[in-house]
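Q: Here's a structure for you.
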Amino acid sequence: MKSFLAMTTEERQAAYQQEKAAFEALKAKGLKLDMSRGKPGAEQLDLVIGLQTVIQTNEECFDGDLDCRNYGNLMGIPSCRKLWADILGVKVEQVMAAGNASLNLMYDTISKAYTHGLLHSDKPWCKLEKVKWLCPAPGYDRHFFVSETFGMELIPVPMTDDGPDMDVVETLIQDPQVKGMWCVPKYSNPTGCIYSDEVVNRIASMKPAAKDFLLMWDNAYCIHEFDGDFVPFPDIIGLCEKYGNPDMVVEFASTSKVTLPGAGVACMATSEANMKYFMKLLGFQTIGYDKMNQLRHVRFLKDKENTLALMKKHAAVLKPKFDAVVNGLERELGPLEIAKWSHPKGGYFVSLDVLSGTAKRTVALCKEAGVVMTPAGNPFPYGKDPADSNIRIAPSLPPKAELEAAVEVLCVCAKLAALEKLLAE
Ligand SMILES: Cc1ncc(COP(=O)(O)O)c(C=O)c1O
């Protein structure tokens, strides 16, 4: 296959006819495939059925002396807090084990900043004329939706292979209206990058003009390698403290992609001073989270080592699926010079950059051929990818055979969209 960029117009026309025919043939198959959301596949969900039967008797409902069936313990049960502290490498006192979703905790943290202010706020953010927020992009669309729903002004920050472009960040935080930043430090959604130690240290040592600057550290994929052994990560809370920013960061994680999405255990970790402040507000909101679910999780996961062993089982399911995507892209698009893509070793996504100006068209063509992709632009603030180039691929949900069919469709659509553009130029 020859590079599309090196082709003459006649060659491009011929290639277009060929891809168009391939597209029509795929369309005629009446496919119904979905690579749009990072959901675990059925095989992964099957791994954790033991979670449902791990507590059978009244006697087993206790965490030490604590009866988990009753109200109380807003911070979560001690053994579950300890499990999270071990996984995140933070102190138990800094961890709250909570309900079923970390996104809910993130929303709630920002909501509290608006209604009551943070520990170091002069006033609640709802009283401010403007709140600006740093959004490393491409990033997690739901983060950006949370910011948008509170009326923040979203400021995109370019992502590099090492994390957010810190030169840009360090300039932007000199504006006191810039109140915070989203971060997914390990296997970032969607690029799969791991923030380098240098970037993490620069983040922890930032000196933002806003004294209530909020670093939202979403460690959603902290133990989610599907290729190779567990990669240790720095303790952001300890680092922020070391650099004189002890209350700047709140870290989040959950077992959504360890056990069951929507029925797992989320956690939040932050300085003890922040925790005390948040607990005071949270105490009006709930008497406590689902402690029986926390207990089930601790009994099932046991400890960090055993949890990492479970992640290896997830990896055995996920790796062939990611290989199918990356190999398919390489085979179909490799020589054409119209696309590049990430090669992640963990997390839930492959980030594909098609020819600039053709991502929306590619996704629309996929839909026509029966393949649902995440809407183009979603990984950017306000859903607007300035280059109209990025497409997030989520390989986890479909069985491998379906995935291969979906990648074939995606590649034909990317080629067709690229040829349309090149021929129109
Ligand atoms: C970066 C990131 N954070 C959070 C979530 C959602 O986590 P939870 O199920 O704990 O709300 C996801 C889900 O895809 C994610 O990709």
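The numbers here are math on the coordinates, done by the rules we state, and not lab data. Just so it is clear, the model here is predicted, and its values are computed rather than measured. Cβ atoms come from the backbone with ideal geometry, glycine included; neighbour counts cover every protein chain shown.
Q: Check V372: other-chain or 5+ apart residues with amide H under 5 Å from its amide H, H built from backbone geometry?
A: Here L33, D34, M35 satisfy the definition.
Q: Please identify the trypsin sites (Lys or Arg not before Pro) of the stretch 82-112 that satisfy two criteria: DSSP loop assignment and at most 16 other Cβ atoms within 10 Å. Which are they?
A: Values: sites: K82, K91, K112; in loops: K91.
The qualifying sites are K91.
Q: Using each residue's phi in the stretch 408-425, evaluate 6.51 cos²θ - 1.76 cosθ + 1.60 at θ = phi - 60° and report the 3J(HN,Hα) Karplus result to the nearest Hz, with x for Gly and Pro.
A: 4, 4, 4, 5, 4, 5, 5, 5, 4, 5, 5, 5, 3, 5, 5, 6, 7, 6
Q: Can you pull out the chymotrypsin sites (Phe, Trp or Tyr not before Pro) in the stretch 19-81 that DSSP calls coil and that have at most 13 other Cβ atoms within 10 Å? Kindly include the intermediate steps, with their values, before the conclusion.
A: Numbers: sites: F23, F62, Y71; in loops: Y71.
Passing both the DSSP loop test and the Cβ count: Y71.
Q: Out of the trypsin sites (Lys or Arg not before Pro) in the stretch 4-34, which ones are loop residues according to DSSP with at most 12 other C-beta atoms within 10 Å?
A: Values: sites: R12, K20, K27, K29, K32; in loops: K29, K32.
In loop regions of the stretch 4-34 (DSSP not H, G, I, E or B), the sparsely surrounded trypsin sites (Lys or Arg not before Pro) are K29, K32.
Q: Pulled fully out, how much extra length does the chain show between A273 and Y382, if you take 0.36 nm times their separation in residues and subtract their Cα-Cα distance?
A: Working: separation 109, 0.36 × 109 = 39.24 nm, distance 3.38 nm.
Taking A273 through Y382 to full extension adds about 35.9 nm, to one decimal.
Q: If you take every DSSP beta bridge whose two residues both sit in the chain, what share of them, in percent to the nearest 5, is antiparallel? Spell out each step's value before the answer.
A: Values: 19 of 39 bridges.
Bridges in the chain that DSSP calls antiparallel: roughly 50 percent.
Q: For the stretch 184-237, what is the relative contact order in percent, using Cα pairs closer than 8 Å and at least 6 residues apart in sequence?
A: Values: 35 pairs, mean separation 23.3, N = 54.
So the answer I get is 43 percent.
Q: What residues qualify as long-range amide H neighbours of G346, i.e. H under 5 Å apart, gap of 5 or more or another chain, H built at 1.01 Å from N?
A: Result for G346 returns F226.
Q: Need the full-extension length gain, A21 to E148, defined as separation in residues times 0.36 nm minus the C-alpha distance. One decimal, nm.
A: Details: separation 127, 0.36 × 127 = 45.72 nm, distance 4.17 nm.
Going from the current span to full extension adds 41.5 nm.
Q: GNM on the chain, C-alpha springs below 10 Å: top fluctuator among K179, K280, K415?
A: Looking only at K179, K280, K415, the largest GNM fluctuation is found for K280.
Q: Decide, for the stretch 271-425, between rounded, prolate and oblate: order the square roots of the alpha carbon gyration tensor eigenvalues as a ≥ b ≥ c, take rounded if a/c falls under 1.5, and otherwise choose prolate if a/b is larger than b/c, else oblate.
A: Numbers: a/c = 2.99, a/b = 1.80, b/c = 1.66.
It is prolate, given that a/c is not under 1.5 and a/b is the larger ratio.
Q: May I ask for the net charge around N245, where only other residues with Cβ less than 13 Å from the Cβ of N245 are counted and Lys, Arg are +1 while Asp, Glu are -1? Before the final figure, lay out the partial values.
A: Values: positive: R202, K207, K211, K242; negative: D212, E241, D247.
Surrounding charge for N245 is +1.
Q: If you don't mind, there's one more thing I want to ask. Starting from the amide H of T160, placed 1.01 Å from N in the peptide plane, find each other amide H under 5 Å away whose residue is 5 or more places distant or on another chain.
A: Result for T160 returns D165.
Q: When a/c reaches 1.5 or more, the comparison of a/b and b/c decides; with that in mind, is the stretch 156-270 rounded, prolate or oblate per its Cα gyration tensor?
A: Numbers: a/c = 1.89, a/b = 1.54, b/c = 1.23.
Prolate.
Q: A further question follows. Could you work out how far apart the two model spin labels at E170 and K29 are, taking each label as a point 7 Å from the Cα in the direction of the beta carbon, and quote it in nm?
A: So the two model labels end up 5.0 nm from each other.
Q: Antiparallel versus total DSSP beta bridges in the stretch 61-303: what percent is that, nearest 5? It would help to have the intermediate numbers written out before the result.
A: Working: 12 of 29 bridges.
In the stretch 61-303, DSSP labels about 40 percent of beta bridges as antiparallel.
Q: How many nm separate the modelled label positions at E404 and D197, each set 7 Å beyond the Cα in the direction of the Cβ?
A: Here the modelled spin labels are 4.2 nm apart.
Q: For the stretch 392-404, take each phi angle, set θ = phi - 60°, evaluate the Karplus expression 6.51 cos²θ - 1.76 cosθ + 1.60, and give the result in whole Hz per residue in order, putting x for glycine and proline.
A: Per residue, the Karplus-derived 3J(HN,Hα) values read 8, 10, 10, x, 6, 6, x, x, 4, 4, 5, 4, 4 Hz.
Q: Can you tell me how much longer the chain between E337 and M1 gets when fully stretched, taken as 0.36 nm per residue apart minus their C-alpha distance, in nm with one decimal?
A: Details: separation 336, 0.36 × 336 = 120.96 nm, distance 1.06 nm.
That pair, E337 and M1, stretches by 119.9 nm at full extension.
Q: So how far, in whole Å, is the C-alpha centre of the stretch 312-376 from the one of the stretch 248-264?
A: 25
Q: Is there a pair in K82/K186; K27/K421; K39/K186; K127/K291; K39/K82 whose C-alpha atoms are over 24 Å apart, and which pairs would that be? Show your work: numbers first, answer last.
A: Values: K82/K186 21 Å; K27/K421 21 Å; K39/K186 18 Å; K127/K291 36 Å; K39/K82 27 Å.
The answer is K127/K291; K39/K82.
Q: Is the chain rounded, prolate or oblate when judged by the Cα gyration tensor, a ≥ b ≥ c being the square roots of its eigenvalues, rounded requiring a/c under 1.5 and prolate requiring a/b larger than b/c?
A: Values: a/c = 2.34, a/b = 1.47, b/c = 1.59.
Taking the square roots of the gyration eigenvalues as a ≥ b ≥ c, the chain is oblate.
Q: Distance in nm between label sites at E10 and H120, each 7 Å beyond Cα in the beta-carbon direction?
A: Distance between the two pseudo-spin positions: 6.8 nm.
Q: Still on this structure, please answer the following. If each residue's Cβ is checked for other Cβ atoms within 10 Å, how do E43, E10, E93 rank with the fewest at the top? All intermediate terms of the calculation are to be shown ahead of the outcome.
A: Numbers: E43 16, E10 8, E93 13.
Fewest-to-most Cβ neighbours within 10 Å comes out as E10, E93, E43.
Q: Apply the Karplus curve 6.51 cos²θ - 1.76 cosθ + 1.60, θ = phi - 60°, to the phi angles in the stretch 288-301 and return the couplings in whole Hz, x for Gly and Pro.
A: Per residue, the Karplus-derived 3J(HN,Hα) values read x, 8, 7, 6, 5, 5, 4, 5, 4, 5, 5, 5, 7, 7 Hz.
Q: Charges on Cβ only, +1 for Lys and Arg, -1 for Asp and Glu, centred on the Cα centroid of the stretch 61-303; of A263, F145, Y289, which one is farthest towards the dipole's positive end?
A: Y289
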